[in-house]
Amino acid sequence: MTFLKYSALILCVLYAIAVLVIGIIGRKPIRCILLNVAIGIVSLVAVNLTARFTGVQIPVNEWTVGGSATFGISGVCGILLLKLIFGV
């Protein structure tokens with residue numbers, strides 16, 4: 001289980017670095033990074049607003065907001081996947 005935690009952490013760090021590199025390489029890096037953050041936060045809010053209909057709610061704390069802001073939509077999907085698989 002420790003191996004799984006460390007490999008997930010390494011993959012998350014590599015993904016964050018890739019998002020930063022793609023943002024910096026683009027013509028408007030600040031705009032790209034801020035757009036990714038905004039889309040992640042909006043998708044987290046959308047999941048919580050539809051919780052009444054879907055039955056799936058993500059608790060809002062510093063980890064989920066940070067993950068969704070850093071990784072965007074894929075971060076919210078990852079949190080949802082963890083919640084659905086492990087019941088976290």
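The values are calculated or read from the model by the stated rules, or taken from the named source; none is laboratory data. Everything numeric here is computed off the predicted structure, so don't read it as measured data. No Cβ is skipped: glycine too gets one built from the backbone with ideal geometry, and neighbour counts run over all protein chains shown. Side chains are part of the model used for accessible areas, which takes the heavy atoms of the whole protein and leaves out ligands, DNA and RNA. Shrake-Rupley method; radii C 1.70, N 1.55, O 1.52, S 1.80 Å.
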Residues of segment 51-69 that turn out to be open to solvent by less than 60 Å² (accessible area, probe 1.4 Å) and among the hydroxyl-bearing types (Ser, Thr, Tyr), as a count: 2
All positions within segment 9-34 that are part of a helix (DSSP H, G or I), open to solvent by less than 100 Å² (accessible area, probe 1.4 Å), without any contact (Cβ under 8 Å) to a residue 12 or more places away in the chain and touching a helix residue (DSSP H, G or I) at 6+ places or on another chain (Cβ under 9 Å): PRO29, CYS32
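Check ILE33, ILE58 and return the single one that is of a type in the set (Val, Ile, Thr) and within 20 Å of LEU82 (Cβ to Cβ).
That would be ILE58, the only listed residue that is of a type in the set (Val, Ile, Thr) and within 20 Å of LEU82 (Cβ to Cβ).
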